Amino acid sequence: MANYRKLNAGEIDRLTAQFCTAEDWTKIDVVEDFTTENISHARFSGAIKLGLFTKEIPLPGGLKKKAGLHHVTLHNCSIGNDTLIENVPNYIANYQIGDNCYIQNVNLLLTEGVSCFGNNTEVSVLNETGGREVPIYNRLSAQLAYIIAMYRHRPDLIKRLREMVDNYALAHKSDRGEIGDNVFIVNTGTIRNVCIGDACRIDGASRLENGTINSNREAPVYIGPNVTAEDFIISSGAHVSDGVVMSRCFIGQACHLTHLFSAHDSLFFSNCQGENGEACAIFAGPYTVTMHKSSLLIAGMFSFLNAGSGSNQSNHMYKLGPIHQGVVERGSKTTSDSYILWPAKIGAFSLIMGRHVNHPDTSGMPFSYLIEHGNRSHLVPGANLKSVGTIRDAQKWPKRDKRTDPDKLDCINFNLLSPYTIQKMLQGIDTLQGLKKTSGETSECYSFQSTTIKNSSLEKGINLYTLAIHKFMGNSIIKRLEGAPFASLSNLRERLMPTDPLGEGEWIDLAGLILPKQAAKEEINRIVGNTDYSLEAVETFFRTMHRRYYDMEWTWVCSIMPRWYGKTFDQLTAEDIIGIVRQWNDSVVSLDRMLYDDARKEFSMISRIGFGVDGSTLQRDFDFEQVRGEFENDAFVKMVCRHIEDKTALGNELIGRLQSLIAQSGDR
């Protein structure tokens with residue numbers, strides 16, 4: 001901490017000569033080596049602390065300016081070393097400003113009264129009329145927000161979590177705002193009751209009120225032109241610019257909101273992207289993307305969503321108000337002009353096309369198409385498992401993680417196939433077989449949760465789910481045995497033994513974190529039953545679950561083996577595992593060939609319409625190849641072919657080791 005002293009008479013005289021005034025010069029403290037150079041036309045009141053102003057600040061375009069204070073009024077402020085503040089038409093009051101900052105042409109920078117700076121602001125997600133409010137705070141994660149919003153059947157839990165967030169907010173309550181080091185603020189209107197972290201850049205914002213910008217050196221935040229924000233928290237690495245208007249919002253790490261996007265009472269977690277459209281009372285889990293002017297996301301819970309242009313939902317039936325909500329589980333897509341009338345629940349990795357007004361619940365049928373046909377909602381179970389788009393999404397999400405902050409708030413599991421989706425496929429097979437048994441195998445259509453399933457779609461759905469389950473189960477076994485030496489059947493079974501007590505039973509998706517439901521229940525009991533339990537402990541729990549995922553997944557796989565293979569893990573022989581691996585390889589190849597065929601459609605004659613517009617068929621094909629390339633050389637097509645080769649080699653390697661074990665031990 002710097003050592004401060006009072007101004008001496010000579011310094012006061014020089015400041016006065018440089019058109020500076022003070023309400024009381026004795027209330028100004030300066031660092032030991034303070035000089036009056038580079039301070040002019042400054043007015044001081046209240047308690048003031050000043051650092052050194054000696055360095056030059058480099059600006060874009062090659063211009064350099066000396067640190068200092070010019071044409072500014074300061075009241076109850078502390079200014080760090082080598083900061084430049086100039087041309088503030090109004091004033092700066094009640095702020096602690098760090099080192100190496102650049103503040104220019106800011107109308108008003110003020111902390112008024114005592115503020116929590118956005119912490120403990122209640123956000124009315126999902127239900128605009130209230131009932132699922134989430135109190136936001138600086139370190140809110142998607143997982144904790146999910147529990148607060150969705151576990152209203154546990155009022156004791158909600159009360160305890162509210163108390164914890166309230167205590168956090170009280171600890172951050174102050175009558176002084178903070179601006180960190182290396183902050184850049186220019187051409188901005190009013191900033192009132194806002195804390196700003198290190199390395200933040202604010203350029204041309206209109207109005208920022210009651211919030212915290214958690215910028216840091218590893219993950220700076222950018223706030224651009226014409227942004228208006230009130231009652232907010234913005235996390236590290238976020239980018240908010242170009243006319244965004246938001247009220248009562250939490251913006252997660254590395255989120256990107258631009259191009260006149262507007263939002264109120266909404267939560268956006270890691271890597272969400274919003275442009276042009278509107279969000280009202282939504283829970284946007286990680287990687288929720290909406291980019292089109294005509295899109296409205298309202299009263300819904302989403303994650304890994306890709307919203308097409310004109311996507312829309314309704315939460316108001318003009319009876320008791322906007323009280324209805326919907327859930328679109330992870331990885332889904334809405335096509336252009338799609339519409340859903342809430343309440344509804346859409347299964348994971350689904351494609352939504354057309355208008356759906358009969359409140360479908362397809363959560364038990366993941367990887368499906370939900371298509372409007374003849375004013376009815378038709379469900380095509382499992383169809384998305386053979387879609388190129390689904391696989392491309394799964395590959396791009398990890399690559400598009402823009403979080404550079406080493407302290408990542410959200411735990412994100414990117415797996416396409418997991419106990420969460422596989423358990424739903426198992427249930428889906430049971431449901432589809434039950435429909436066939438109840439309505440008859442010769443029925444042309446089947447009714448399911450306000451949707452219609454064609455007979456052919458039902459049979460294909462069972463087949464696709466079966467292939468995916470074989471792929472997941474076989475892959476888990478291969479990974480468990482990969483690189484593991486085993487000289488005997490007992491060694492083999494020892495390797496297959498579960499190592500984590502958690503994993504059996506139902507799994508859930510906590511807005512990106514996939515974990516056993518039992519683990520979540522146990523954590524809830526700890527939160528409720530221990531008055532000393534802290535938000536930090538909850539964070540640690542989520543990270544621990546994320547780290548233990550594969551061990552818990554294996555425990556779940558072992559618990560499913562009796563149903564799927566007819567044997568427990570300790571009853572499997574080497575020949576059983578060879579059969580499983582071969583079945584796995586067949587499933588992988590079958591699904592990859594479907595992806596290959598789906599990709600080929602993008603190179604069909606229809607796809608060439610619009611190419612070679614002024615030439616012959618030959619010129620059209622050549623134009624197409626120049627733009628899109630040849631099918632065999634497409635990066636995704638090559639990846640699929642390579643995937644088939646790699647997985648086949650991986651399976652053959654394990655089969656070879658198992659056959660050697662059989663030969664040595666005579667195991668049958």
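The values are calculated or read from the model by the stated rules, or taken from the named source; none is laboratory data. Quantities reported herein were computed from a predicted structural model and do not represent experimental measurements. Heads up, the Cβs are rebuilt from the backbone with ideal geometry, glycines too, and the neighbour counts pull from every protein chain shown.
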Scanning for something farther than 22 Å from LEU658 by Cβ, of a type in the set (S, T, N, Q), without any contact (Cβ under 8 Å) to a residue 24 or more places away in the chain and out of contact with any His (no Cβ under 8 Å at 6 or more places or on another chain), does the stretch 533-550 turn up at least one residue? yes
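Residue by residue, here is whether (1) closer than 30 Å to LYS638 by Cβ; (2) free of Cβ contacts under 8 Å to residues at least 24 places away in the same chain; (3) outside any loop (DSSP other than H, G, I, E, B) holds:
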| position | (1), (2), (3) |
| --- | --- |
| ILE323 | no, no, no |
| VAL327 | no, no, yes |
| GLY331 | yes, no, no |
| ASP337 | no, no, no |
| SER363 | no, no, no |
| LEU385 | yes, no, yes |
| ASP393 | yes, no, yes |
| PRO406 | no, no, no |
Being surrounded by fewer than 17 Cβ atoms within 10 Å (Cβ to Cβ), at pLDDT 95 or above and under 47 Å from the mean Cα position of the chain (by Cα) is the requirement here; does ALA17 meet it? no
For LEU370, are the conditions met, namely being part of a strand (DSSP E or B), in contact with a helix residue (DSSP H, G or I) (Cβ under 8 Å, 6 or more places away or on another chain) and either under 20 Å from ILE453 (Cα atoms) or modelled with pLDDT under 95 (or both)? no
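Collect the residues in the stretch 447-466 that are assigned to a helix (DSSP H, G or I) and aliphatic (A, V, I, L, M), keeping them in residue-number order. Step through it out loud before you land on a result.
The initial filter retains those residues of the stretch 447-466 that are assigned to a helix (DSSP H, G or I), namely 455-466.
Within the stretch 447-466, LEU458, ILE462, LEU464 qualify.
Yes or no: GLU112 surrounded by fewer than 23 Cβ atoms within 10 Å (Cβ to Cβ) and under 32 Å from the mean Cα position of the chain (by Cα)?
Values: surrounded by fewer than 23 Cβ atoms within 10 Å (Cβ to Cβ): yes; under 32 Å from the mean Cα position of the chain (by Cα): no.
In short, no.
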Look at the stretch 357-414 and say how many of its residues are under 24 Å from TYR146 (Cβ atoms), buried (at least 22 other Cβ atoms within 10 Å of the Cβ), among the hydrophobic types (A, V, I, L, M, F, W, C) and under 22 Å from the mean Cα position of the chain (by Cα). 4
Every residue in the stretch 526-551 that is assigned to a helix (DSSP H, G or I) and closer than 20 Å to ASP166 by Cα, please. ARG526, ILE527, VAL528, GLY529, LEU535, GLU536, ALA537, VAL538, GLU539, THR540
With the structure loaded, tell me whether ASN120 is touching a residue at least 24 places away in the same chain (Cβ under 8 Å), among the polar types (S, T, N, Q) and within 30 Å of GLY512 (Cα to Cα) or whether it fails that test. yes
Would you confirm whether any residue within the stretch 116-125 is in a strand (DSSP E or B), among the acidic types (Asp, Glu) and more than 34 Å from the chain's Cα centre (by Cα)? no
Filter the stretch 511-531 down to residues that are within 17 Å of SER418 (Cα to Cα) and surrounded by fewer than 18 Cβ atoms within 10 Å (Cβ to Cβ) and give me whichever is nearest to the chain's Cα centre (by Cα). LYS517
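Can ARG43 be described as within 23 Å of ALA93 (Cβ to Cβ), basic (Lys, Arg) and surrounded by 13 or more Cβ atoms within 10 Å (Cβ to Cβ)?
Criteria met by ARG43.
Residue-by-condition table, conditions (1) in a helix (DSSP H, G or I); (2) over 29 Å from the mean Cα position of the chain (by Cα); (3) among the polar types (S, T, N, Q); (4) crowded, with 18+ Cβ neighbours inside 10 Å:
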{"position": "ALA468", "(1), (2), (3), (4)": "yes, no, no, yes"}
{"position": "PHE472", "(1), (2), (3), (4)": "yes, no, no, yes"}
{"position": "ASN475", "(1), (2), (3), (4)": "yes, no, yes, yes"}
{"position": "GLY483", "(1), (2), (3), (4)": "no, yes, no, no"}
{"position": "GLU494", "(1), (2), (3), (4)": "yes, yes, no, no"}
{"position": "GLY505", "(1), (2), (3), (4)": "no, no, no, no"}
{"position": "ASP509", "(1), (2), (3), (4)": "no, no, no, yes"}
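Could we say that ARG176 is touching a residue at least 40 places away in the same chain (Cβ under 8 Å) and surrounded by fewer than 17 Cβ atoms within 10 Å (Cβ to Cβ) here? Walk me through it before giving the result.
Numbers: touching a residue at least 40 places away in the same chain (Cβ under 8 Å): yes; surrounded by fewer than 17 Cβ atoms within 10 Å (Cβ to Cβ): yes.
Answer is yes for this residue.
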Touching a helix residue (DSSP H, G or I) at 6+ places or on another chain (Cβ under 8 Å), part of a strand (DSSP E or B) and at pLDDT 95 or above: does that describe VAL134? yes
Out of all the residues in the stretch 323-345, is one or more in contact with a helix residue (DSSP H, G or I) (Cβ under 6 Å, 6 or more places away or on another chain), modelled with pLDDT of 95 or more and crowded, with 23+ Cβ neighbours inside 10 Å? no
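I need a count of the residues in the stretch 55-77 that are of a type outside the set (D, E, K, R) and surrounded by fewer than 19 Cβ atoms within 10 Å (Cβ to Cβ).
Total meeting the criteria: 10.
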Quick check on LEU170: is it in contact with a helix residue (DSSP H, G or I) (Cβ under 9 Å, 6 or more places away or on another chain), over 30 Å from SER314 (Cβ atoms), surrounded by fewer than 24 Cβ atoms within 10 Å (Cβ to Cβ) and modelled with pLDDT of 95 or more? no
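For the stretch 142-191, which positions are among the β-branched types (Val, Ile, Thr) and not in a helix (DSSP H, G or I)? Spell out the reasoning first.
Of the stretch 142-191, the ones among the β-branched types (Val, Ile, Thr) are 147-148, 158, 165, 179, 183, 185-186, 188, 190-191.
ILE179, VAL183, ILE185, VAL186, THR188, THR190, ILE191 - these are the residues of the stretch 142-191 that are among the β-branched types (Val, Ile, Thr) and not in a helix (DSSP H, G or I).
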Considering every residue within the stretch 437-446, establish whether at least one is at pLDDT below 95, assigned to a helix (DSSP H, G or I) and not β-branched (Val, Ile, Thr). yes
It is to be established whether one or more residues within the stretch 311-334 are charged (D, E, K, R) and out of contact with any Gly (no Cβ under 9 Å at 6 or more places or on another chain). yes
In the stretch 359-403, the residues that are out of contact with any Phe, Trp or Tyr (no Cβ under 7 Å at 6 or more places or on another chain) and aromatic (Phe, Trp, Tyr): TYR369
Output for the stretch 85-114, where each listed residue is of a type in the set (A, V, I, L, M, F, W, C), closer than 20 Å to GLY46 by Cα and in a strand (DSSP E or B): ILE85, ILE92, ALA93, ILE97, LEU108, LEU109, LEU110
Taking the stretch 236-253 as the search range and keeping residues that are buried (at least 24 other Cβ atoms within 10 Å of the Cβ) and out of contact with any strand residue (DSSP E or B) (no Cβ under 6 Å at 6 or more places or on another chain), which one is farthest from ASP401 (Cα to Cα)? SER236
When residues of the stretch 437-464 are limited to those that are buried (at least 21 other Cβ atoms within 10 Å of the Cβ) and in contact with a Phe, Trp or Tyr (Cβ under 8 Å, 6 or more places away or on another chain), the one farthest from TRP554 (Cα to Cα): ILE453
